Amino acid sequence: MSTGTNAKTAYPQGDTVLSSRVRLARNIDGVPFPVRLNATRRAAVNRKVCETLQKAGKKMRVIDMSRLYPYEAVALAERHLISPEFTSGTEGRVLLLTEDERISIMLNEEDHIRIQAIEPGLAPEQAYRNAAAYDDALDAGLRFAFDNRLGYLNQNPRDLGTGLRVSVMMHLPALSKTGGMSKFASMIAKLGMNVRGSYGDAASVKGDIFRISNQVSMGITEAEAIANLKTLAMQIATREHTAAADFVKDIGVRDRITRAEGVLKNAMLLSTDEMMEMLSWVRLGALYGLNGADPDAISEMFVSLQPAALNVTAGAKLTSAQRDELRAEYVRRKLNADGE
Amino acid sequence: MLCQNCQRADATTHLKRIANGEYTEIHLCAECAAALGVTDVFPGFGGGFGNLPGAAFSVTDVRRAGNRALRCETCGFTFEDITRTGKPGCPDCYRVFGEKLKPSLQKIHGRSAVHTGKIPNGASEDTLREHRITELKEKLNRAIDEQNFEQAAQLRDEIRRLSAEEAQV
Ligand SMILES: [Zn+2]
Ligand SMILES: [Zn+2]
């Protein structure tokens, strides 16, 4: 058994798995789906959900999406707390967020209620338990649309059944850079799962970060779906370890890793794309003892130095050049401090 | 809608994502999506694309279903509204148009798939019992596949008991 490089991160399988996420789709029985609701009826859904959670003693921050600057909304999506589409058409949409941001509930997205839980590392069971606690709390006060055969009645027929999506975000530099991921994609599809880049547009995967998710929610229990995804994630992790063991021995690869570190420690301007690429190299090096960087800190930087996140940090919409400067400054400070 | 990459084929894969601090939608044909490594297992995921190939509900389903304008009382949708938008208007649509939706749902989930996961609190005794029976039937099939006949016999008895209870109600 390959133990990989776990020792270097604080999270389970944290060398390859950056985070685990579950999402539960739920709707209130007898109420049309959000796209068919006017502002007043959407507000009624929001009120009902908030009251139910309050009664259950679940304290959450209430964020009215229509009151955010667009970059603030996008920053929430960059942190994977909301879906990209939740940032557009924000009328009557509300986000509920726990203090530690591990639980977020989107109201009036495609479904009335979408409960989401994120955990660092490979911990989909824990994420599910956390989400299920909120599901139970809501279930106690609302009547969920449910059918004995079809399961939870959600807007997208693909979400019938459990309404559960489980996913993991994985950093797979060796598999990705040696072209191993494309071979994987078709195998993953055959297992009823899906793999795609987590950042960047359709044409390119940034930072060698992939999201792997289940696509089947019918005829399968929550526990089975979670176990299947976990097994697949472990298999991919093992392949990454195998690929990386040879990959990092190559002098050309070591050269890329040390050069990337040089760029990050010295650059005055850093675009998102360059940062993602260089951080991926440095994180790979860190996992195999080629530099002193902290892999978990790099995982965090992938998220916190995205464009909209920087706007939020600065409290204003910056120009792209201003962001590149701020990003470079932050990375320089962080990596030079780690190395000492 | 044409594919944004090749500008030739119909776009069937629709991606909604965040790039460079902005919300964007990207529309690709099947070929380009595969070439770019963004193929969905089910094309058109998350979209309401009633008339595109691979959409959740297709136009042929409408024709097959005929033209009786049955309406869902909760949201006012006809079956045609569902195929036009690619989405039901409310949870009750699944109940009202259940039979007509069946072929489309089977295309997505497979012929025999039924819900085996969590059940909400509000579910009736009947629902709970039926659910338990479904679960046991699956276990029974598995036991038979594994030639575990002793367990299969136990499961069959349990299913009979529950089914009898159901008949009494
Ligand atoms: Zn194309
Ligand atoms: Zn309806």
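Taken residue by residue and averaged, Cβ atoms of other chains lying within 10 Å of the Cβ of A:30-37 number 6. When B and A come together, around 4800 square angstrom of accessible surface is lost from both chains combined, probe 1.4 Å. Residues whose amide H lies under 5 Å from that of A:GLY14, counting only those 5 or more places away or on a different chain, are A:LEU122; hydrogens are built 1.01 Å from N in the peptide plane. Straight-distance candidates among the aspartates and glutamates for linking to B:LYS102, with alpha-carbon spacing under 13 Å and chain neighbours fewer than 8 residues away dropped: B:ASP61.
Structural descriptor for segment A:251-338: relative contact order 39 percent, calculated from alpha carbon pairs under 8 angstrom and at least 6 residues apart. Quick check: from the Cα gyration tensor, does segment B:125-168 come out rounded (a/c under 1.5), prolate or oblate? Cα axes put segment B:125-168 in the oblate bin. Per residue of peptide A:78-87, the mean number of Cβ atoms on other chains within 10 Å of the residue Cβ is 3. A cut-off of 5 Å between modelled amide H atoms, ignoring neighbours fewer than 5 places along the same chain, links A:ASP147 with A:TYR152, A:LEU153.
Put the Cα centre of segment A:142-177 next to the Cα centre of segment B:110-169 and the gap is 23 Å. When the residues A:THR221, A:THR162 are ordered by accessible surface, computed with a 1.4 Å probe over the protein chains alone, the sequence from largest down reads A:THR221, A:THR162. Its relative contact order, with pairs defined as Cα atoms under 8 Å and 6+ residues apart, puts segment A:37-161 at 21 percent. Let me make sure I get this right: for segment A:142-225, a, b and c are the square roots of the gyration tensor eigenvalues over alpha carbons, sorted descending. Under 1.5 in a/c it's rounded, otherwise prolate if a/b > b/c, else oblate. Which is it? Prolate is the answer for segment A:142-225, as a/c is 1.5 or above and a/b outweighs b/c. A viscosity of 1.567 mPa s and a temperature of 4 °C, combined with the Kirkwood radius over C-alpha pairs in the Stokes-Einstein formula, give chain A a diffusion coefficient of 61 µm²/s. Taking only Cα atoms of segment A:1-154, what ratio of Rg to Rh do you get with Rh as the Kirkwood inverse-distance radius? Looking at segment A:1-154, the ratio lands at 1.02. Each Cα pair under 8 Å and six or more residues apart adds its sequence gap; the mean of these over the residue count of chain A is a relative contact order of 20 percent. Relative to the first principal axis of the alpha-carbon coordinates of chain A, what is the inclination of helix A:272-287, with its axis defined by its Cα atoms, in degrees from 0 to 90 and to the nearest 10? Orientation of helix A:272-287: about 70 degrees from the principal axis.
Need one word for segment A:247-340: rounded, prolate or oblate. Basis is the Cα gyration tensor (sqrt eigenvalues a ≥ b ≥ c); a/c below 1.5 gives rounded, then a/b vs b/c decides. Verdict is prolate for segment A:247-340. Relative to the globular-protein estimate of 2.2 N^0.38 Å, the Cα radius of gyration of segment A:89-183 stands at 1.32. The fraction of accessible area contributed by carbon and sulfur in segment A:251-338 is 53 percent, rounded to a whole number (1.4 Å probe; ligands and nucleic acids excluded).
Most tightly packed first, judged by the mean number of other beta-carbon atoms within 10 Å of their residues, the peptides A:267-278, A:68-79, A:247-258 read A:68-79, A:267-278, A:247-258. The HN-Hα couplings worked out from phi for segment A:13-27 by the Karplus form 6.51 cos²θ - 1.76 cosθ + 1.60 (θ = phi - 60°) are 6, x, 5, 9, 9, 6, 7, 10, 9, 10, 9, 10, 9, 9, 9 Hz, whole numbers, x standing for Gly and Pro. Summarising the label geometry, the points placed 7 Å from Cα in the beta-carbon direction at B:ARG142 and A:GLN54 lie 4.4 nm from one another. Computed from the C-beta positions of B:ARG161 and A:LYS190, the FRET efficiency with R₀ = 22 Å rounds to 0.05.
Backbone geometry of segment A:93-107 corresponds, through the Karplus equation with coefficients 6.51, -1.76 and 1.60 at θ = phi - 60°, to 3J(HN,Hα) couplings of 9, 10, 10, 10, 9, 6, 3, 7, 6, 7, 10, 10, 10, 8, 9 Hz, x marking Gly and Pro. Of the Cα atoms belonging to segment A:79-120, the radius of gyration and Dmax stand at 10.0, 31 Å.
Looking at chain A, the accessible area is 39 square angstrom per residue; that uses a 1.4 Å probe and ignores ligands, DNA and RNA.
The values are calculated or read from the model by the stated rules, or taken from the named source; none is laboratory data. This structure is a prediction, so every number in the text was calculated from the model and none was measured. With ideal geometry, Cβ positions are generated from the backbone for all residues, glycine too; neighbour counts draw on all protein chains shown. Ligands, DNA and RNA are excluded from the accessible area calculation, which covers all protein heavy atoms including side chains. Shrake-Rupley method; radii C 1.70, N 1.55, O 1.52, S 1.80 Å.
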